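The values are calculated or read from the model by the stated rules, or taken from the named source; none is laboratory data. Predicted model, so just to flag it, every value in this text is computed and none were measured. Methodologically, a virtual Cβ is constructed for each residue, glycine included, from the backbone with ideal geometry; neighbour enumeration extends over all protein chains shown. In case anyone asks, the SASA skips ligands and DNA or RNA and just uses the protein heavy atoms, side chains included. Shrake-Rupley method; radii C 1.70, N 1.55, O 1.52, S 1.80 Å.
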Amino acid sequence: SREVELGGGEVRKFLKDGDAVIMKGWCQREGSGRVGFGQCSARILPAIPFPYDSSKEKVVESTPKQPGERYTNFKLYGCWWSSCSWTVRIALAAKGIPSEYDTHIPININLDEKALTSDKHSSINPMQQQAPTVLEFMDGGNVVRISQSLAIIEFLETAFDHRGGRLLPLDPVARAKVKEIVEVINSVTQQLQNSSVMGMIDSISGKESLGEEFGKQAIMNSLSSVEKIVAAIHSIYHASAAGPFATGSFGPTLADACLAPQLYNARRLCVDLEGVCPTLVEIEKKYNDHPWFQNAQTEAQLDAVK
């Protein structure tokens with residue numbers, strides 16, 4: 001695989017073991033939107049000796065691990081109704097990473113304060129008074145724990161960048177639009193209709209239903225904002241040119257992974273989604289048919305209350 005000089009300053013180079021190959025393409029007619037064909041990526045692996053000798057299969061066990069295999073034994077601490085846990089489950093499915101699932105707090109959607117302040121809970125999740133979404137795994141001989149769903153997903157995207165699907169696009173504009181939606185959901189939608197916030201409002205006000213009404217109004221306002229962002233993106237393209245997901249892509253992104261739980265929560269709070277965010281409702285239909293989303297849904301979890 002030695003470089004070859006072709007003359008005129010041109011040099012022919014060859015791919016080597018471990019190199020990443022990324023191909024992406026699109027077509028665009030003048031005056032029309034761009035249609036992307038997605039991205040295909042892979043890593044060059046060492047060639048299998050020829051003729052192949054099956055008796056030497058065990059030799060593979062002693063070969064160096066690929067970069068993505070540095071991290072092993074994944075375990076997700078979460079709970080079935082947690083939006084953060086739901087989003088991380090989608091990310092793990094996107095990367096095709098098998099993981100053990102563990103819940104150690106009550107399955108009742110009304111949090112047990114004693115459970116959240118227990119030694120077992122605080123030893124796993126540094127954020128007390130929150131339902132745990134913590135990813136645990138082995139990095140060599142060390143146990144690593146990461147809390148906060150977006151930190152977990154960014155780790156998975158970076159550590160397994162050429163494995164499975166990609167939730168964060170490489171294109172700078174597309175990536176920024178995904179993060180724009182994610183920030184609205186993470187900083188506003190999710191926080192203001194959190195069960196602990198609604199419970200605190202009930203406690204301070206002495207009115208049992210005030211917290212839920214506050215949460216309903218908060219999620220309506222936030223989803224209305226996301227609806228405007230998404231509708232504007234889709235209006236740029238002709239109907240046939242835009243992909244079916246939130247940012248006009250042909251595959252789910254982190255924006256979709258964060259949206260799915262919030263649409264579920266909105267229905268739980270009796271929000272009229274058809275009136276508030278009709279575009280998001282149409283996009284949500286694609287989630288129900290997508291394998292990353294199917295097994296991540298709340299009802300599919302072992303600890304779910306049926």
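Looking only at the range 284-306, filter to residues that are in a helix (DSSP H, G or I) and open to solvent by less than 10 Å² (accessible area, probe 1.4 Å); which one of those is nearest to R34 (Cα to Cα)? Break it down into steps so the answer makes sense when it comes.
If we filter the range 284-306 for residues that are in a helix (DSSP H, G or I), which is where we start, we get 284-288, 291-294, 298-300.
Then drop every residue that is not open to solvent by less than 10 Å² (accessible area, probe 1.4 Å), which leaves 287, 293, 298.
Values: Y287: 24, F293: 27, T298: 36 Å.
Across the range 284-306, the extreme among qualifying residues is Y287.
Can you confirm whether T247 is polar (S, T, N, Q) and either under 30 Å from Q28 (Cα atoms) or without any contact (Cβ under 8 Å) to a residue 24 or more places away in the chain (or both)?
For T247, the condition - polar (S, T, N, Q) and either under 30 Å from Q28 (Cα atoms) or without any contact (Cβ under 8 Å) to a residue 24 or more places away in the chain (or both) - is met.
Considering each residue of the range 84-100, count those that are at pLDDT below 90 and surrounded by fewer than 21 Cβ atoms within 10 Å (Cβ to Cβ), and give that number.
Qualifying residue count, the range 84-100: 3.
When you scan the range 117-124, do you find a residue that is modelled with pLDDT of 90 or more and of a type in the set (V, I, T), even just one? Outline the logic, then answer.
Just the residues of the range 117-124 that are modelled with pLDDT of 90 or more, to begin with: none.
For the range 117-124, residues modelled with pLDDT of 90 or more and of a type in the set (V, I, T): absent.
Would a scan of the range 13-32 turn up a residue that is within 30 Å of Q190 (Cβ to Cβ), at pLDDT below 75 and not in a strand (DSSP E or B)? If you could, list the steps in order and put the result at the bottom.
In the first step, residues of the range 13-32 are kept if they are within 30 Å of Q190 (Cβ to Cβ); the result is none.
Taking every residue of the range 13-32 in turn, none turns out to be within 30 Å of Q190 (Cβ to Cβ), at pLDDT below 75 and not in a strand (DSSP E or B).
Can you tell me which residues in the range 265-283 are open to solvent by 70 Å² or more (accessible area, probe 1.4 Å) and free of Cβ contacts under 8 Å to residues at least 40 places away in the same chain? Before you say what the answer is, go through the steps one by one.
Step one: of the range 265-283, the residues open to solvent by 70 Å² or more (accessible area, probe 1.4 Å) are 267-268, 270, 272, 274, 282.
R267, R268, D272, E274, E282 - these are the residues of the range 265-283 that are open to solvent by 70 Å² or more (accessible area, probe 1.4 Å) and free of Cβ contacts under 8 Å to residues at least 40 places away in the same chain.
In the range 2-22, which residues are over 13 Å from A42 (Cα atoms) and open to solvent by less than 100 Å² (accessible area, probe 1.4 Å)?
In the first step, residues of the range 2-22 are kept if they are over 13 Å from A42 (Cα atoms); the result is 2-14.
Selection gives V4, L6, G7, G8, G9, V11, F14.
In the range 247-264, how many are surrounded by 20 or more Cβ atoms within 10 Å (Cβ to Cβ) and either of a type in the set (G, A, S) or farther than 25 Å from R166 by Cα (or both)?
Residues that pass the stated criteria total 5.
Of F37, F50, which residue is at pLDDT below 75, part of a loop (DSSP other than H, G, I, E, B) and out of contact with any Ser or Thr (no Cβ under 6 Å at 6 or more places or on another chain)? Give the steps one after another, and end with the answer.
Values: F37 fails: part of a loop (DSSP other than H, G, I, E, B).
F50 is the lone residue from the list that is at pLDDT below 75, part of a loop (DSSP other than H, G, I, E, B) and out of contact with any Ser or Thr (no Cβ under 6 Å at 6 or more places or on another chain).
Which condition number does L150 fail, the rest of (1) closer than 27 Å to V276 by Cα; (2) within 13 Å of the chain's Cα centre (by Cα); (3) open to solvent by less than 30 Å² (accessible area, probe 1.4 Å) being met?
So the condition that L150 fails would be (3).
Can you spot a residue in the range 205-221 that is modelled with pLDDT of 90 or more, basic (K, R) and open to solvent by 60 Å² or more (accessible area, probe 1.4 Å)?
Checking the range 205-221: not a single residue is modelled with pLDDT of 90 or more, basic (K, R) and open to solvent by 60 Å² or more (accessible area, probe 1.4 Å).
Within the range 60-78, restricting attention to residues that are over 24 Å from V182 (Cα atoms), part of a loop (DSSP other than H, G, I, E, B) and not basic (K, R), which residue is modelled with the lowest pLDDT?
The selected residue is T63.
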